[in-house]
Amino acid sequence: MSEEHNERYSRQILFRGIGSDGQKRLAIARVAIVGCGATGSAVASLLARSGVGSIRIIDRDYVEPSNLQRQALFDESDARESLPKAIAAARRIAAFNSQIEVEAKVADLTPENIDSLLQGAQLILDGTDNFETRYLVNDYAVKAGVPWIYAAAVGSYGATMNVIPGTTACLACIFPDSPTGIVETCETAGVLGSAVNLVASIETAEALKFLVGATEKMRRTLLSWDVWTNESAEIQAGKPRAGCRACGEGDFSHLEGEGRPHITLCGRNSVQIHERHRPVDFGEMSERLKPHGTVRHNDFVLKFWREPYEMTLFTDGRAIIKGTTDTGVARSLYARFVGS
Ligand SMILES: [Zn+2]
């Protein structure tokens, strides 16, 4: 390794748990971060600064002003431009570490694209905000034998767990079904940046242990912590649960995908549509939409406002429609203005 490299990472090389050998391992490490909101931003930033050689960031969303309170990789200009989070994150990382490779994938992780989006990653990091995607990641990881780290934060509470297929419990061992009833989300309960950063820090430290080969140091529990009440808990997760659907019986139903044309995002009064899978020419689309409302676009997103709705269209034809949670309404808007 060059002198410049050794100087840059000197404080990590001095740390005994990593050392010169560990730092070399980090330089050739390949990770994927699924979801780049608050948790994903913090993890991406910490891993990029620590010299992880290749980071793929997968995110389906764009930056909005309400993200800036906690999503540390984004700034006001990203929100003004509605820049896709993956793109904004890659740009910001390049400004503080140009020596690593960052791949931005503006996409919603689905059963159809998960193989190509996660291919080559030796570790998958959870930055998502929903159980549907986490079960998908869990099934993929268990089936492919790739470790992943679960992390979640809402309100003042955060939780995280390492999943090492063949060794520890998987997500489906601990949570056989996704939580039902009234589930708090960041939209309903809010979220503190400090809760996010707590779980993101723990997730990153566990990732570093894995990437430098200190697997025996990795935590074998589901850890939860509330930064407001100071309550914490740990549930044993060191061993798979007998009869687990995923890691026990090899039933990877989430990978089969029952065709998910619409997804309502994190309780925020919006519906995502991705059934078209055809590239959109933004120039042409702008002309077409102009008579019907206000249109604006950049290289990555096209925004269309027509009261009371706001549609954000991505280059692959995927759209997020704000102002409704009715998938029927969203679909008819999409069909009318974008085409079916
Ligand atoms: Zn399991």
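The values are calculated or read from the model by the stated rules, or taken from the named source; none is laboratory data. The structure presented is a predicted model; accordingly, all values stated were derived computationally and were not measured. Glycine gets a Cβ as well: all are built from the backbone with ideal geometry, and neighbour counts include every protein chain shown. Note: areas computed on protein heavy atoms with side chains; ligands, DNA, RNA excluded. Shrake-Rupley method; radii C 1.70, N 1.55, O 1.52, S 1.80 Å.
Descriptive notes on the structure:
- For the chain, adding -39500 (n - 2.57) for each run of n ≥ 4 DSSP H residues and dividing by the number of residues yields -9500 deg cm²/dmol at 222 nm.
- Estimated from the Cβ-Cβ distance and a Förster radius of 22 angstrom, the FRET efficiency linking Glu64 and Ser201 is about 0.35.
- Counting DSSP beta bridges with both ends in the chain, the antiparallel % (nearest 5): 70 percent
- Residues with amide H under 5 Å from that of Glu103, placed H, sequence gap 5 or more: Ile55, Arg56, Ile57
- Candidates per trypsin sites (Lys or Arg not before Pro) in the range 1-63, loop by DSSP, up to 11 other Cβ within 10 Å: Arg16
- Spatial separation of Cα centroids for the range 81-99 and the range 209-246, in angstrom: 30 Å
- Membrane-span-like helices in the chain, defined here as complete DSSP H runs extending at least 18 Å along the helix axis by their C-alpha atoms with mean Kyte-Doolittle hydropathy no lower than -1.0, are 131-144, 193-212; this is a sequence and geometry rule, not a statement about a membrane.
- Extending 7 Å from the Cα toward the beta-carbon at both Lys217 and Glu184 defines two label points whose distance is 3.3 nm.
- Ranking Glu231, Glu132 from most to least accessible surface, computed with a 1.4 Å probe over the protein chains only, gives Glu231, Glu132.
- Ligands, DNA and RNA left out, the accessible area of the chain computed with a 1.4 Å probe is 50% carbon and sulfur.
- Efficiency of FRET between Phe175 and Glu101 - r from beta-carbon atoms, R0 41 angstrom, step 0.05: 0.75
- Vicinal HN-Hα couplings computed from phi for the range 107-119 (Karplus, 6.51 cos²θ - 1.76 cosθ + 1.60; Hz; Gly/Pro x): 6, 8, 5, 9, x, 6, 10, 5, 4, 6, 6, 9, 4
- Full-extension gain in nm, Arg49 to Asp281, via 0.36 nm per residue minus C-alpha separation: 79.9 nm
- Considering only beta bridges that DSSP places wholly inside the range 33-177, some 40 percent are antiparallel.
- log₁₀ of I(q)/I(0) at q = 0.09, 0.10, 0.15 Å⁻¹ - the chain, Debye sum with one point per alpha carbon: -0.49, -0.61, -1.32
- Global form of the range 102-154, assessed from the alpha-carbon gyration tensor, a/c cut-off 1.5: rounded
- Dipole magnitude of the range 1-127 about its Cα centre (Cβ charges: Lys, Arg +1; Asp, Glu -1), debye to nearest 20: 420 debye
- Positive-end extreme of charge dipole, the chain - chosen from Leu289, Gln71, Leu14 (charges on Cβ): Leu14
- Size of charge dipole - the range 199-259 - debye, nearest 20, with Cβ of Lys, Arg +1 and Asp, Glu -1, no other charges: 340 debye
- Ligands, DNA and RNA are left out, and with a 1.4 angstrom probe the accessible area of the chain is 46 Å² per residue.
- Between the range 293-319 and the range 25-66, the Cα center-to-center distance that results, in Å: 26 Å
- Most positive-pole-ward Cα, Phe131, Asn97, Leu171, against dipole of the chain from beta carbon charges: Asn97
- Computed about the Cα centre, the dipole magnitude for the chain is approximately 360 debye when only Lys and Arg (+1) and Asp and Glu (-1) carry charge, each at its Cβ.
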